[in-house]
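> Provided herewith is a single structure, encoded as structure tokens, for subsequent inquiry.
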Amino acid sequence: MPSVRDLRAKAGEEPITMLTAYDAPTASIVDEAGVDIILVGDSLGNTSLGYEDTLPVTVDDMARHTGAVARATDDALVVADMPFLSVGVDERASVENAGRMLKEEDAHAVKLECGPHTVDLTEKLVQLGIPVMAHLGLTPQHVNQYGGYPRQGTDQEAAERILELAEAHEEAGAFSLVLEHVPSNLAADVTAALDIPTIGIGAGPDCDGQVLVVDDAIGLSEWTPSFSKQFGDVRGEMESAIGAYVSAVESGEFPADEHSHEERDLEEIY
């Protein structure tokens, strides 16, 4: 299992792979594929819990899913996403919520959607032994502020603010940085400016690693963002298999004799 120190050493040397997972079966498959980091993302609100965005996801939700993923993972680093308003409001509560993911659910690190308010918190968490993955650019927990999910860092001022925050979180002790939905040239500049690895999602090819939502990568989502790619058609396979099951039951083909057991010594009871 790579440590956060191992991952930091990959910056500029070896591509880092990261995928989300929200349950034990998926985590096991992702882990066996050799992915470096499994992110238990608050995107489970959209992918697994039926919400329109990530805001309703609770600390209990994240803890439950993080534990399931951690129990099924042997080799990948497990990172727990901290959900909306679980950190950054009160320091004591922030530390307790983040610490719970490591202490009770066996995560190895937490991810924070970052801003000026998370610089000091990052330093505090790291001092207490809680590794922090920072996240800048498009931060979905700000959906109501953005009015959607627009690309970030598209003007000079915004780009410079992202770079300044990236450097501040590196100095505070973050071991890596997710850059989401920003111009590729901005991501390249941020990557060059930092010693810690950057992991991009919709941020171009020059980051030190890449992350996708697993449902998008395997082709389970009904819709995928333009910066994502489907590497399979799991949704199509599921539709085919479930359709075949329904047809087999309705036609009487299932269950067949080989799917049942008759106890010959059992007397008729009616």
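> Residue pairs, Cβ under 7 Å, 6 or more apart or interchain, first in the range 29-42 and closer than 19 Å to Glu14 by Cα, second modelled with pLDDT under 95 and buried (at least 24 other Cβ atoms within 10 Å of the Cβ). List them.
Pairs that qualify, where the first residue is closer than 19 Å to Glu14 by Cα and the partner is modelled with pLDDT under 95 and buried (at least 24 other Cβ atoms within 10 Å of the Cβ), are Asp36/Leu7.
> For Gly236, work out the one condition from (1) out of contact with any strand residue (DSSP E or B) (no Cβ under 9 Å at 6 or more places or on another chain); (2) in contact (Cβ under 8 Å) with a residue 12 or more places away in the chain; (3) open to solvent by 90 Å² or more (accessible area, probe 1.4 Å) it doesn't fulfil.
Failed condition: (3).
> Let me ask something else about it. Would it be correct to say that Glu222 is closer than 27 Å to Arg151 by Cβ, free of Cβ contacts under 8 Å to residues at least 60 places away in the same chain and surrounded by fewer than 11 Cβ atoms within 10 Å (Cβ to Cβ)?
Details: closer than 27 Å to Arg151 by Cβ: yes; free of Cβ contacts under 8 Å to residues at least 60 places away in the same chain: yes; surrounded by fewer than 11 Cβ atoms within 10 Å (Cβ to Cβ): yes.
Spelling it out, Glu222 is indeed closer than 27 Å to Arg151 by Cβ, free of Cβ contacts under 8 Å to residues at least 60 places away in the same chain and surrounded by fewer than 11 Cβ atoms within 10 Å (Cβ to Cβ).
> Filtering the range 1-28 down to residues that are within 17 Å of Ala70 (Cβ to Cβ) and either without any contact (Cβ under 8 Å) to a residue 12 or more places away in the chain or of a type in the set (S, T, N, Q) (or both), which residue is surrounded by the most Cβ atoms within 10 Å (Cβ to Cβ)?
Looking at residues that are within 17 Å of Ala70 (Cβ to Cβ) and either without any contact (Cβ under 8 Å) to a residue 12 or more places away in the chain or of a type in the set (S, T, N, Q) (or both), I get Thr20.
> Still on this model: Please state which of the following conditions Ile130 fails to meet, knowing it meets all the rest: (1) in a loop (DSSP other than H, G, I, E, B); (2) farther than 17 Å from Ala109 by Cβ; (3) open to solvent by less than 50 Å² (accessible area, probe 1.4 Å).
Ile130 satisfies every listed condition except (2).
> Working carefully through the options Gly148, Gly153, find the one that is buried (at least 16 other Cβ atoms within 10 Å of the Cβ) and part of a loop (DSSP other than H, G, I, E, B).
On the way: Gly148 fails: buried (at least 16 other Cβ atoms within 10 Å of the Cβ).
Matching residue, one of Gly148, Gly153: Gly153.
> Let me ask something else about it. Does Ala172 satisfy the condition of being without any contact (Cβ under 8 Å) to a residue 40 or more places away in the chain and out of contact with any Pro (no Cβ under 8 Å at 6 or more places or on another chain)?
Against the criterion (without any contact (Cβ under 8 Å) to a residue 40 or more places away in the chain and out of contact with any Pro (no Cβ under 8 Å at 6 or more places or on another chain)), Ala172 does not qualify.
> Any idea which residue in the range 44-58 is nearest to Val4 (Cα to Cα), counting only those that are crowded, with 20+ Cβ neighbours inside 10 Å and in contact with a helix residue (DSSP H, G or I) (Cβ under 7 Å, 6 or more places away or on another chain)?
Leu44
> Here's something else I'd like to know. Just one of (1) within 14 Å of His169 (Cβ to Cβ); (2) open to solvent by 50 Å² or more (accessible area, probe 1.4 Å) trips up Asp106, so point out which.
Going through the list (1) within 14 Å of His169 (Cβ to Cβ); (2) open to solvent by 50 Å² or more (accessible area, probe 1.4 Å), Asp106 breaks only (1).
> Answer with yes or no whether Val143 is farther than 18 Å from Gly200 by Cα, open to solvent by less than 20 Å² (accessible area, probe 1.4 Å) and in a helix (DSSP H, G or I).
yes
> Let me ask you something else. Would you pick out the residues in the range 164-212 that are hydroxyl-bearing (Ser, Thr, Tyr), over 19 Å from the mean Cα position of the chain (by Cα) and crowded, with 18+ Cβ neighbours inside 10 Å?
Passing the criteria: only Thr191.
The values are calculated or read from the model by the stated rules, or taken from the named source; none is laboratory data. Everything numeric in this text was worked out from a predicted model, so none of it was measured. Cβ coordinates were reconstructed from backbone atoms using ideal geometry, including for glycine residues, and neighbour counts include every protein chain displayed. Surface areas here come from the heavy atoms of the whole protein model, side chains and all, with no ligands, DNA or RNA. Shrake-Rupley method; radii C 1.70, N 1.55, O 1.52, S 1.80 Å.
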